[in-house]
Amino acid sequence: MALSMQSAGGGAMSMSTAAMAHQPIAARIQAPKAPPGAGAAPRGGVVLGGVDGVDKRLARLARSTKHLPLVSVDLAGCGAVAYHPPDVVADRSVVSLDKPMGSDLILAFGEDKPYKALRKYLTKGSDLKSVFDNHPIVHSTATINNNVNSNATTVVVPRPLSLLGARRTQELHPSLLTYFHHTTETNANAIDINNNASEVTLHNQALDGSSPKGDTYDRVCFHLPLHPEKKQLSLLPDEAVELLVQKAKFLSFTDMRNKTNNRSKTNLHNKKAPHEPTATVDLEEETFTGAPVAISVPGYASSDAALESWMEILSKEDAECASALLFPRSASVVAASLLSPNFLKITMEEVQRLVKDAQRKHLDVECGAHLDPLILTVGATVEGYEITFLQLSSPQLGTTNSAQDYPFGEYRYHHARCARFPSNVTDDKTRLALIAKELTLIYSDLAVTLPERKPCAILLYTSYDTNTSSNNLESMILQTLQRQAQPTPPIIQCPENSSAVGTVLLGAAACGRVGQSPIAITSVSTTAVGLRISYFGENEKGHTNSKLDSEVNVIFDFDICFPARPYALDFSATECAAARDSITSSGKVDDSLDLKKFEGKKGIPKREEAALNFNIQIVQRTDRTSEWVAVDDIIYPLRSTIEKDDEETKIACESARLEVRMRGEGILVSSLASDGVSVVQADKSARFSLLQYYGGWIFFILFFGGFLLKSYLEDFIFQRDTKRVLAYYKRAVPNSMHDGDENGARYLVYKYRHKKDKLWLRLQKKYGYPIPEDWTLFVKEVLEETTDNPISEGAPKEDASDLDMDETKPDSTESEEEL
């Protein structure tokens with residue numbers, strides 16, 4: 001069945017997809033395939049978590065919470081609440097509560113029981129039902145009045161959503177400080193609270209309630225004067241928002257119980273009506289607190305700290321699962337608007353026009369961005385505005401419920417301009433002028449990326465608590481487009497609960513509760529991320545000038561597509577030392593660094609000093625004019641700490657690598673990799689490596705050169721002795737068969753190569769010619785005598801056993817000589 005948005009008050013405003021809008025538009029649009037396991041599904045028609053493309057963690061979440069509703073609350077707007085009923089309920093259409101909650105937290109004042117109930121919840125984290133019984137938490141009209149008079153019965157904490165993830169009051173946007181009385185004292189302690197205060201104030205503290213330390217554990221907190229005679233309570237913005245979210249779950253369960261009871265009474269009194277199975281709705285704390293929640297986040301509140309806080313609120317056990325249930329607020333509005341037959345008809349007619357235009361231009365009519373309709377969304381709240389361009393891709397038409405409620409399977413963003421209103425902009429006219437300026441700029445950006453495309457429709461969404469009404473906003477858009485000579489597409493004003501309804505639709509698809517694959521949302525960054533690099537420590541002498549810190553280097557700019565590719569940066573102590581030495585008077589580092597001056601053993605002190613003081617700060621800003629805000633603690637990439645005997649020792653590392661990436665939902669993830677080698681160890685390792693290098697070469701040269709030298713010497717001695725034997729035969733037995741027999745001489749020299757003395761003695765004994773004392777002179781004389789008659793080659797070889805045979809004959813002379 002098609003999802004429909006129903007009012008909890010009995011009256012129903014149908015937003016089901018009309019059948020007449022589903023006209024066949026082109027051959028490329030096909031009906032989606034049935035989801036796996038749809039045939040075996042219960043009356044809901046879906047096996048929870050059994051749809052292709054659903055994350056395994058979300059599938060487990062869907063199966064474990066199939067008996068609970070999926071809840072959404074639009075705290076950025078009017079506080080509208082919507083929920084998707086569980087599969088145990090016969091009617092599984094999206095339900096929107098009749099009255100919005102508002103965006104403020106309302107607490108009871110002046111009584112003991114409400115004070116004790118809230119204090120118990122904040123200290124022990126239990127008995128949430130008692131808090132709801134003793135505190136109103138929400139009201140139907142969001143009025144901001146943080147002054148607590150003597151006759152007042154409630155205390156209002158205005159818009160705690162705006163302070164999610166805030167670390168220090170000094171870093172808050174100036175427009176947020178107009179709602180609160182605050183202090184900038186860094187030593188304000190949440191435990192010692194002024195009991196005489198009569199208003200909600202903002203203070204800085206650590207997560208454990210102690211004084212702020214200036215690190216990532218610092219938080220902005222509310223001080224609540226709930227009782228005139230008791231100590232004020234400290235409430236974190238995350239805790240305040242969690243109370244509002246839990247209240248939205250409680251209201252959804254209450255509405256489900258009322259509808260179930262009414263349906264049961266109707267079936268009992270109507271005998272002709274079929275008795276549908278109904279389920280009892282349990283309002284116990286353990287039941288409704290376990291319901292899954294999907295949240296839409298406006299672009300101006302999508303900082304890294306705020307998103308992390310949302311993840312902790314939605315799921316303290318599985319942050320990855322919680323991040324999949326965070327959606328851009330403009331995407332939620334588009335998802336809800338596609339339930340409207342009017343808007344769906346406009347988009348489908350645009351798809352038909354684009355297909356015909358592609359056929360006329362001989363372009364691909366099967367797929368491509370040129371076939372996707374372009375939508376402009378303009379939203380405004382009491383805090384800020386968001387303007388986006390996005391395309392609707394992957395149209396899927398058919399008769400199934402999922403095809404009717406999810407006509408497009410992908411939302412692809414191109415540009416976004418989001419910001420909070422400046423603190424001095426409070427009237428409607430000035431805000432409209434600011435939005436008109438941003439609208440002109442985003443059209444200029446679109447002319448660069450998609451020069452021939454124009455939006456087919458404009459979606460407007462506002463909330464009642466903002467001064468900017470939808471009618472005034474529509475008039476401003478028409479005037480701006482006329483001044484820019486831009487075509488004026490149809491403008492559709494969305495209901496105030498569109499964001500909550502659309503978030504439920506996107507969350508139900510993400511969890512696989514409706515037989516529809518998750519909607520692929522390719523968003524763009526609404527923030528900018530940069531690195532602030534400093535080569536000098538805070539406590540270092542001479543750190544009195546901003547020139548010692550470099551300017552912010554932007555690594556992820558606005559409008560980049562998610563997920564962004566990682567940004568990697570390599571550091572070395574040598575480069576840091578050279579940079580410290582070459583910083584100019586303007587604070588910039590000279591491009592030509594002299595690294596050789598800081599290498600080796602002499603440069604160790606300067607390299608260690610540079611490594612210990614080198615630091616990096618990741619910063620972020622949520623709009624193009626705001627100040628940079630620190631994301632996390634200062635990172636010292638070239639410093640490591642070793643604990644020994646309860647003492648920490650800082651060691652300077654030689655090199656490190658920092659990698660920063662931005663995930664699909666906009667959360668920053670950084671990783672630091674270092675080998676942990678100190679500068680001294682690195683220098684020793686470098687020297688050892690140098691010795692190894694040259695020692696290896698020397699060893700190879702000596703090893704292989706020794707063999708070459710040995711071979712050369714052996715060949716030289718062999719040739720020399722061969723000439724001596726031939727010269728000896730020339731003198732001892734001239735004109736014999738041995739005279740000039742070079743082969744025989746070579747064989748004889750080889751045979752007696754290790755006993756040359758024995759060879760000469762045997763030659764002298766056999767031929768009776770004395771062995772010369774100076775072989776060099778002897779050979780030279782023989783060569784001179786045989787100049788005219790050279791030694792002939794090829795003479796018959798004498799038997800090799802001649803000299804050996806003489807060894808067997810007794811010879812007293814030889815024995816005497818040997819002795």
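Results, tabulated for the structure shown:
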{"item": "Förster-model FRET efficiency, 35 Å R0, ASN743 and GLN764, C-beta, rounded to 0.05", "result": "0.95"}
{"item": "Computed accessible area, TRP760, all protein chains, 1.4 angstrom probe, square angstrom", "result": "30"}
{"item": "Within the stretch 300-429: Cβ-based charge dipole about Cα centre, in debye rounded to nearest 20 (Lys, Arg +1; Asp, Glu -1)", "result": "620"}
{"item": "Approximate spin-label separation PHE704-GLU599, in nm, with each point projected 7 Å along Cα-to-Cβ", "result": "2.7"}
{"item": "Difference of contour (0.36 nm per residue) and Cα-Cα distance, HIS139 to GLN484", "result": "119.9 nm"}
{"item": "Segment LYS650-GLU312, length gained on full extension (0.36 nm per residue, minus Cα span)", "result": "118.4 nm"}
{"item": "Label point 7 Å beyond Cα of ILE717 along Cβ direction - residues of the stretch 737-762 with amide nitrogen under 15 Å", "result": "749-760"}
{"item": "Mean Cβ neighbour count within 10 Å, used as a protection proxy, ranking 77-83, 713-719 highest first", "result": "77-83, 713-719"}
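The values are calculated or read from the model by the stated rules, or taken from the named source; none is laboratory data. In this text the structure is predicted, and so the values were computed from the model without any measurement. Positions of Cβ are backbone-derived with ideal geometry, glycine not excepted, and every protein chain shown enters the neighbour counts. Ligands, DNA and RNA are excluded from the accessible area calculation, which covers all protein heavy atoms including side chains. Shrake-Rupley method; radii C 1.70, N 1.55, O 1.52, S 1.80 Å.
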